[in-house]
1. Please enumerate the residues belonging to region 284-309 that are within 29 Å of the chain's Cα centre (by Cα), of a type outside the set (D, E) and farther than 13 Å from H359 by Cβ.
2. Filter region 174-215 for residues that are β-branched (V, I, T) and at pLDDT 85 or above; which is farthest from G53 (Cα to Cα)?
3. Look at T120 and say whether it is surrounded by fewer than 23 Cβ atoms within 10 Å (Cβ to Cβ), at pLDDT below 90 and either farther than 16 Å from L44 by Cα or not assigned by TED's automatic domain parsing to the domain that holds A310 (or both).
4. Of everything in region 43-101, what is among the polar types (S, T, N, Q), touching a residue at least 24 places away in the same chain (Cβ under 8 Å) and over 24 Å from A159 (Cα atoms)? Give them in sequence order.
5. Is region 99-110 home to any residue that is part of a helix (DSSP H, G or I), over 19 Å from the mean Cα position of the chain (by Cα) and within 27 Å of F262 (Cα to Cα)?
6. Do we have Q70 as of a type in the set (S, T, N, Q), in contact with a helix residue (DSSP H, G or I) (Cβ under 7 Å, 6 or more places away or on another chain) and at pLDDT below 95 here?
7. Output the number of the condition that V346 fails; it satisfies all remaining conditions of (1) touching a Pro at 6+ places or on another chain (Cβ under 8 Å); (2) at pLDDT 95 or above.
8. Any residue in region 313-334 that is in a helix (DSSP H, G or I) and hydrophobic (A, V, I, L, M, F, W, C)?
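The values are calculated or read from the model by the stated rules, or taken from the named source; none is laboratory data. Predicted model, so just to flag it, every value in this text is computed and none were measured. All Cβ positions, glycine included, derive from the backbone under ideal geometry; neighbour counts span all protein chains shown.
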Amino acid sequence: MGTTVVKLGSSIVADERGEVRGDVLASVCEQVVELHGAGHSVVLVTSGAIARGMRLMELPVRPTAMPHLQAASAVGQGKLYRHYDELLAARGVPSAQVLLTFFDMSARSHYLNARQTLRTLLDWRVTPVINENDTTATDEISFGDNDFLAAQVAILIDADLLLLLTDIDGLHTADPRHDASAPLVPEVRDFAEVEGLEIGVSTSPLGSGGMRSKVVAAQMATAAGIEAVIANGTQPGTVLSAVAGEPQGTRFHPQEQRVSSFKLWLRYAKASRGRIVVDGGAAAALRERGTSLLPVGVVDVHGDFQAGDAVQVAAAAGNGAVIGKGIVNYSAEELRRIKGMQSAEVRAVLPRASEEAVHRDYFVLAD
């Protein structure tokens, strides 16, 4: 039997006041139980912890400051999971709460541990209920939205299907909230087909994602050979229908050319915090030979970033075109001190310095 990752957006989990949509969650959990009884494995990735915390703390609007977001998540996280646990347990299916961070996906040892834990839970016939650990994640080191987390989880466990549930019927040619006549796009085989569509960025005052992040999550999953569906989770039978392969929402078919999930995440989900300008030799090496970027090739540094941030890498020559994007091993201050230096000179200035300014495994070329 197959494995499906079901992601429930904030608009599915909670209403605009932050109250849990008990009828919707019950419907989804009933379908999960039916799949479980038929031998399927299901992983739930849920949003809504912040929305739930906002309601419990009677906050009028979604916070913007990171400590407030983290505190709201801390209030709502356990109480939200309890709904899933009780709904599944009442139907004879055990569940487990799993909180993940960006490092759990990007650090190799953490990645392997997360995969082993999830595989063990599925072997035990336990349904994992996953959320990002918002109480410790920062805006520099986070998935940005649980759509990307769901895609990463699907890739992590080699799922057969990623199902992204929202409160509209799928991808339309324009935002149906603004253009009710916009037709549904029933399937996508080539992501060039969605270029030019008016894809919304936000769905509700309680969430952080939107249709755009769902389309990118679908692109991430299909690049790893996993089918993806965006569908309306408020409608009865959506989960069962999507898993059965029936027409449901927008179905994204697996792509022939496979791309690293990390590099897809880096390209689309990780915000750039600065820019590194490189000389012609470094630019050619990055573009043509896929090498790492060394400090010797850096000629200028823009912005105020820290080690571990994403930065744009641009060519000094010509019009300064962006070559790509990568995770930098130095802060902006450190990189300004060592730019243009050979490795031996770098070690003299920063004895514990990394060999690379940006390692090739953490760099992706621009489109």
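1. Once the filter is applied, which keeps residues that are within 29 Å of the chain's Cα centre (by Cα), of a type outside the set (D, E) and farther than 13 Å from H359 by Cβ, region 284-309 yields R287, R289, V301, H302, G303, F305, Q306.
2. This residue is V188.
3. On the way: surrounded by fewer than 23 Cβ atoms within 10 Å (Cβ to Cβ): yes; at pLDDT below 90: no; either farther than 16 Å from L44 by Cα or not assigned by TED's automatic domain parsing to the domain that holds A310 (or both): yes.
So T120 does not fit the description; no.
4. At the first step, the residues of region 43-101 found to be among the polar types (S, T, N, Q) are 46-47, 64, 70, 73, 77, 95, 97, 101.
Still in the list and also touching a residue at least 24 places away in the same chain (Cβ under 8 Å): 46-47, 70, 73, 77, 95, 97, 101.
Those that are among the polar types (S, T, N, Q), touching a residue at least 24 places away in the same chain (Cβ under 8 Å) and over 24 Å from A159 (Cα atoms): Q70, S73, Q77.
5. Within region 99-110, one or more residues are part of a helix (DSSP H, G or I), over 19 Å from the mean Cα position of the chain (by Cα) and within 27 Å of F262 (Cα to Cα).
6. Judged against the criteria, Q70 is not a match.
7. (2)
8. Yes; the residues of region 313-334 include at least one that is in a helix (DSSP H, G or I) and hydrophobic (A, V, I, L, M, F, W, C).
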